[in-house]
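Any read-out appearing in this document is the output of simple, stated calculations on the displayed coordinates, not a laboratory observation. In this text, all values refer to a predicted model and were calculated from it rather than measured experimentally. A quick note on method: Cβ atoms are made from the backbone with ideal geometry, for glycine too, and the neighbour counts reach across all protein chains shown.
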Amino acid sequence: MKQPNIIFVLMDDLGKEWISCYGATDIETPNIDRLASGGIRFENTYSMPQCTPSRMCLLTGQYPYRNGWINHWDVPRWGAGARYDVDAYPCNLGLMMRDAGYATAAAGKWQINDYRVEPDAMDKAGFDDWCMWTGGEGQNPPSDERYWNPYIITKDQPAQTYHGAFGPDMFSDFVIDFARSHKEDDSPFFIYYPMVLTHTPFTTTPREPDAATDVDKHKAMVRYTDFLLGRLAEALDEMGIRENTLLIFSSDNGTTPLMAGHIGTRSIPGGKAQTIEPGVNIPFIANWPGTIPAGRVSEALVDFTDAIPTFADLARQPIPGKDQVDGSSIAPYLRGEESCTHRDWILAMGGQNNAKVSNRGVENEWYFRDRVVRDERYKLYIGTDRKPQKLIDLKVDPEEKTDITGTEDEAALASRRKFEALIPGWPKRDPDPIYCTPQPPRPWDIPVTVESIVWKKGNKDVDI
């Protein structure tokens, strides 16, 4: 079987309560729904509750208690020496796919390197081409813009403001153009597409320029995400490569707590930065026409550490440092060869942002971060004292209101014993992020050049 093209789309801060195929009643997302109806919609997929821990989990195949990124850390803004150093990890997603013969690209939000300090960070991470929002850079206000007049760096152009552009359109154009340029190559392509949508600040979009309130803008941003997904799927169809392209759609964590959506009559406040289900049980849809059976809804257990083993399996590539990668491949499940995934539990950790900056860099406030572990039905909360806090039966209590610790139900007890058996195997002290040593000049000590150019959409200039 030919190696498939792979596109991994990662939304920023959007939970299931804002996607209609997951039951959302406040909005319609028809293009995402079509991806789900043509593939598999997963119900039990875990990310981490915050942005950078999720991204590092995805890129390294390791849980935060192993890779050190337990808290959110906005590297371009806060610096302090923390960064994604590919040499520090046994496996790296981009490098692995490049080594497997894939043409590789990334577009959107990176956040885990400062391009002023490391302009070649994307290449070192394994990407042949890129179009990235820099992230908000310390002492450089134009870099805060990811939507209108975005501040973007590409392989061929230094970071600069693109007046008159809408950032999500630039990333979408880049992804489609990269796929088109490689559609007839003998080698496949891999695209990591971490969208900037739907993260705050709330904004208008080209399709809804008159949205006024935060709620209206949030809905407009969700609908624009859906529009861009439809545009990508349509482009793949037009290229004639849809049946050899695995398209995965997910999110880095739940929605901002500033928004509440509805599933049926149930109101669900955004769970970002919390280990409740709306914070870490995120949308996950896999679509691959002709290979993934259509119309499936799966209770199978999946989390972000599974990405590297899965893509290695599909690429027929050995996993570097396999014994230090925490996940397992779901490729046989996607292909319909196996009826379940190889997971007895999934894990998320690090609710709330409790880190500090010292002359040593970023330090976790607690030696052992809070975490949750669950199977198809039961979920155990574990505190910073390494002790179980509460046990939840998610089947009967989806809002997690009732602690069933003390139950005599044998199924619940079996799950609890399984979860508690994991605790001795976790490090006594969770590590801090790996630092660059010696530390390079701090970003705010490096002169910033703010430039602007005309944004080109296709062959047509956009007026500024």
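How much length is gained if the chain between Arg386 and Asp87 is pulled fully straight, taking 0.36 nm per residue apart and subtracting their Cα-Cα distance, in nm to one decimal?
Here the answer is 104.6 nm.
Based on DSSP, what percent of beta bridges with both residues in the chain are antiparallel, to the nearest 5?
60 percent
Spelling out what I want: for every residue of the stretch 322-335, take phi, set θ = phi - 60°, compute 6.51 cos²θ - 1.76 cosθ + 1.60 (Karplus), and round to whole Hz; glycine and proline get x.
Values, residue by residue: 3, 6, 10, 9, 8, x, 9, 6, 9, 4, x, 5, 5, 7 Hz.
Tally Lys/Arg at +1 and Asp/Glu at -1 over every other residue whose Cβ is under 10 Å from the Cβ of Trp288; what's the total?
Result for the neighbourhood of Trp288: +1.
Hey, fewest Cβ within 10 Å first, where do Asp252, Asp432 land in order?
With the fewest neighbours first, Asp252, Asp432 line up as Asp432, Asp252.
Listed highest first by mean packing, meaning other Cβ atoms within 10 Å per residue, what order do 301-313, 371-383, 20-32 come in?
Result, highest mean Cβ count within 10 Å first: 301-313, 371-383, 20-32.
At 7 Å along Cα-to-Cβ for each site, give me the label-to-label distance between Ser187 and Thr200 in nm.
Rounded to a tenth, the inter-label distance reads 4.3 nm.
Would you order Val196, Val117 from fewest to most other beta-carbon atoms within 10 Å of each residue's own beta-carbon?
So the residues, fewest neighbours to most, are Val117, Val196.
Can you give the charge dipole size of the stretch 94-222 about its Cα centre, rounded to the nearest 20 debye, using +1 on the beta carbon of Lys and Arg and -1 on the beta carbon of Asp and Glu? Write out the running numbers ahead of the final one.
On the way: 11 positive and 21 negative charges, 52 e Å.
Once rounded to the nearest 20, the dipole reads 260 debye.
Once you keep just the Cα pairs under 8 angstrom separated by 6 or more residues, what percentage relative contact order results for the chain?
RCO, the chain: 26 percent.
What list do you get for Met239, Met195, Met48 if you sort them by fewest beta carbons within 10 Å?
Met239, Met195, Met48
Per the Kirkwood definition applied to all pairs of different Cα atoms, how many angstroms is the hydrodynamic radius of the chain?
22.5 Å
Between the stretch 95-144 and the stretch 1-54, what's the alpha-carbon centroid distance in Å?
Spelled out, the Cα-based centre of one part sits 23 Å from the other.
I need the phi-derived Karplus couplings for the stretch 89-98: 6.51 cos²θ - 1.76 cosθ + 1.60, θ = phi - 60°, integer Hz, Gly and Pro marked x.
So the J values, rounded to whole Hz, are 10, x, 9, 9, 4, x, 5, 4, 6, 5.
Rounded to the nearest 500, what is the chain's calculated 222 nm mean residue ellipticity when only DSSP H runs of at least 4 contribute -39500 (n - 2.57) each, over all residues?
Per the formula, -6500 deg cm²/dmol.
So if each residue of separation counts as 0.36 nm, and I subtract the Cα-Cα distance between Lys2 and His262, what length gain in nm does that give? Walk me through the numbers on the way to the answer.
Details: separation 260, 0.36 × 260 = 93.60 nm, distance 4.17 nm.
Length difference between fully extended and current span is 89.4 nm.
Provide the convex hull volume over Cα atoms per residue for the stretch 130-176, in Å³.
It is 63 Å³ per residue.
Can you give the local net charge around Cys57? Use residues other than it whose beta-carbon is closer than 13 angstrom to its beta-carbon, Lys and Arg +1, Asp and Glu -1.
On the way: positive: Arg55, Arg66, Arg371; negative: Asp252, Asp303, Asp306, Asp326.
Result for the local shell: -1.
Name the residues whose placed amide hydrogens come within less than 5 Å of the amide hydrogen of Ile268, ignoring near sequence neighbours (fewer than 5 apart) on the same chain.
Answer set, sorted by chain and number: Gly261, His262, Ile263.
Report the extension gain between Asp397 and Tyr367 in nm, rounded to one decimal, defined as 0.36 nm multiplied by the number of residues separating them, less their alpha carbon distance.
In short, 7.7 nm is gained.
How would you order 94-105, 389-400, 277-288, 145-156 from highest to lowest mean count of nearby Cβ atoms within 10 Å?
Numbers: 94-105: 21.5, 389-400: 15.4, 277-288: 25.8, 145-156: 19.5.
Order by mean packing, descending: 277-288, 94-105, 145-156, 389-400.
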